[in-house]
1. May I ask you to list the residues in segment A:106-115 that are of a type in the set (A, V, I, L, M) and open to solvent by less than 60 Å² (accessible area, probe 1.4 Å)?
2. Counting just the residues of segment B:189-223 that are assigned to a helix (DSSP H, G or I) and over 18 Å from the mean Cα position of the chain (by Cα), which one comes out farthest from B:L170 (Cα to Cα)?
3. Give me the residue from segment A:1-46 that is touching a Pro at 6+ places or on another chain (Cβ under 9 Å) and part of a helix (DSSP H, G or I) and, out of that set, surrounded by the most Cβ atoms within 10 Å (Cβ to Cβ).
4. Can you spot a residue in segment B:237-245 that is within 16 Å of ligand 1 (Cβ to nearest atom) and assigned to a strand (DSSP E or B)?
5. For B:V71, only one of the following conditions fails: (1) within 16 Å of ligand 1 (Cβ to nearest atom); (2) of a type in the set (A, V, I, L, M); (3) in contact (Cβ under 8 Å) with a residue 40 or more places away in the chain. What is its number?
6. Would you check if there is a residue in segment A:180-190 being part of a helix (DSSP H, G or I) and closer than 30 Å to B:A93 by Cβ?
Amino acid sequence: MRASVRSLSRSAVPAATLAGAIVVWELASRGLRIPKFIMPAPSEIAAEAWEWRYRFLGHTWVTLYETLGGFALSIVVAVPLATLIVYSPWMRRAIYPLIVLLQAVPKIAVAPVLLLVIGYGEFSKVIVAFLVAFFPIVVDTATGLAATPPELLELSRSYRASALKTFVKVRFPMALPFFFSGLKVAITLAVIGAVVGEFIGSDKGLGYVILSATSYWKTGLAFASMILLSVIAIVLFGAVCLVERLVCPWLAPAAEE
Amino acid sequence: MEKTYRTRRGDLVPAVEGITLDIAENEFVTLVGPSGCGKSTLLKLVAGLTPVSGGTVRVRDTVVREPFPDVGIVFQHPVLLPWRTVLDNVLFAAEMLGLDPDDHRKRALELLELSGLAGFETRLPRELSGGMQQRVAICRALLPDPTLLLMDEPFGALDAMTREELGFELLRIWDARRKTILFVTHSIPEAILLADKVVVMTSRPGRVARVITIDLPRPRTVELEFDAKFKAYSDEVRGLIFASRRARADAR
Ligand SMILES: Nc1ncnc2c1ncn2[C@@H]1O[C@H](COP(=O)(O)OP(=O)(O)OP(=O)(O)O)[C@@H](O)[C@H]1O
Ligand SMILES: [Mg+2]
């Protein structure tokens, strides 16, 4: 009971701060008569967003599935790669430097070339999102797989369990917390990747809306898109946290009575 | 037998050398010696987890070249699987051995009851104290009823009181179902109190300094620690360990 009151007040304080900031912003932009195309008031942003609501729905959907597509692809590629890296010293020497090299290349610089090669459709954005998202998953999963207590591996060996059995029953579950912390970084990066892809060249998606709205001085629409993008990122991050809690309930802080 | 490790830099580290040790079936043998003298290495050699560099390890006339199923291992830390309940952690041994866990459920419950863990079967490891977790690890090692139990400082991470309690518990379990136990410890009293034989090792490279047969009545009790014989054994072991330390200091 007391705990719920405390958690309520914990979320009430930032909520009140946010509300206060919006009110100040509204009053300031009215009082100072700042032109709408430079800094629209919250009410104006809301009005424009409402007018655009059906079109926003379509653009949000496009960005969302580009993000999720890239994210899913990065999991599918990263987990086997991490496994190879941990299990084979030869693969580690062959692959790891390449992955680090790939990570060092600024994705924003690569994106135009990529779009040129793959085309300007949604698939190219999936690839950009994948490129930025897969690195943290590979690194964290590999770290987690390598962090299995040596005693557990010796125990498995003494039971003469196969490598696959040891992986499925011991190593991978042990690495799950690392895997999920990789996913949490990756999901927010995937949103950025999708938007960067849209910036380079597209006719759909929230990144495209921001670019075209600003070129027509419709700053309110750009603001609304930014807010929508933040909401997407937060919701997806929350979803990953939720899945983590469902998949690894043993990681939740112990209930106190 | 002997074991030489090759370090990452390519140096050769002789871990144990010229070890000859005979252990009779169903004997309780404890292993003491300074840190780094190769006690853990010796257990790994016996378990077949690491190959010998020279000599042979034989268990019941079979030469050990690889891990064999008839052995149970307990480490200093319980290393339980945090997502599995206590019961499922014990059954882990059966699963990994490729046996049907359902056939072992009854025995697992009996073992847990024997170690005073009745009522905790569905708890997660993190809800247990360190001593209770180590009991679960011992149950896991005992589940397939191995003839050989290898224990590497199993009570090393516990407080003195829990340690004593678990020691006597282990003796009780061993009494009910005899098996050969090779038990590494840093505690001289523990080594004497539990054992039929204490193996004292010296370091670098690890060798056997002396094998002391402990002639104290069983069942062992706490009172034995005040026995004159106990004190004599204790002084003997301590003397051997200090002698090896002094010899090393002189060599420098
Ligand atoms: N994998 C390894 N590679 C190289 N050297 C090793 C390896 N494992 C152990 N050693 C070396 O072998 C020697 C014996 O190690 P071991 O772990 O058997 O000692 P120990 O008696 O169990 O020590 P402690 O009482 O501290 O647990 C040490 O000098 C150690 O540095
Ligand atoms: Mg050791």
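1. Of everything in segment A:106-115, those that are of a type in the set (A, V, I, L, M) and open to solvent by less than 60 Å² (accessible area, probe 1.4 Å) turn out to be A:V110, A:A111, A:L114, A:L115.
2. Filtering segment B:189-223 for residues that are assigned to a helix (DSSP H, G or I) and over 18 Å from the mean Cα position of the chain (by Cα), the one farthest from B:L170 (Cα to Cα) comes out as B:E223.
3. For segment A:1-46, the residue satisfying everything is A:S29.
4. no
5. Going through (1) within 16 Å of ligand 1 (Cβ to nearest atom); (2) of a type in the set (A, V, I, L, M); (3) in contact (Cβ under 8 Å) with a residue 40 or more places away in the chain one by one, B:V71 breaks only (1).
6. Yes, there is a match, as at least one residue in segment A:180-190 is part of a helix (DSSP H, G or I) and closer than 30 Å to B:A93 by Cβ.
Residue by residue, here is whether (1) within 16 Å of ligand 2 (Cβ to nearest atom); (2) open to solvent by less than 40 Å² (accessible area, probe 1.4 Å); (3) at pLDDT below 95; (4) among the acidic types (D, E) holds:
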residue: B:V71; (1), (2), (3), (4): no, yes, yes, no
residue: B:Q76; (1), (2), (3), (4): yes, no, yes, no
residue: B:L80; (1), (2), (3), (4): no, yes, no, no
residue: B:R84; (1), (2), (3), (4): no, yes, no, no
residue: B:D88; (1), (2), (3), (4): no, no, no, yes
residue: B:D100; (1), (2), (3), (4): no, no, yes, yes
residue: B:D103; (1), (2), (3), (4): no, no, yes, yes
residue: B:R107; (1), (2), (3), (4): no, no, yes, no
residue: B:E113; (1), (2), (3), (4): no, no, yes, yes
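Yes/no matrix, rows are residues, columns are (1) under 30 Å from B:V74 (Cβ atoms); (2) surrounded by 20 or more Cβ atoms within 10 Å (Cβ to Cβ); (3) within 14 Å of chain B (Cβ to nearest Cβ); (4) more than 28 Å from the chain's Cα centre (by Cα):
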{"site": "A:Y96", "(1), (2), (3), (4)": "no, no, no, no"}
{"site": "A:I99", "(1), (2), (3), (4)": "no, no, no, no"}
{"site": "A:A104", "(1), (2), (3), (4)": "no, no, no, no"}
{"site": "A:Y120", "(1), (2), (3), (4)": "no, no, no, no"}
{"site": "A:S124", "(1), (2), (3), (4)": "no, yes, no, no"}
{"site": "A:V128", "(1), (2), (3), (4)": "no, yes, no, no"}
{"site": "A:L145", "(1), (2), (3), (4)": "yes, yes, no, no"}
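The values are calculated or read from the model by the stated rules, or taken from the named source; none is laboratory data. What you see is a predicted model; the values in this text were computed from it and never measured. Neighbour counts run over all protein chains shown; Cβ positions are idealised from the backbone, glycine included. For accessibility, only protein heavy atoms count, side chains too; no ligands or nucleic acids. Shrake-Rupley method; radii C 1.70, N 1.55, O 1.52, S 1.80 Å.
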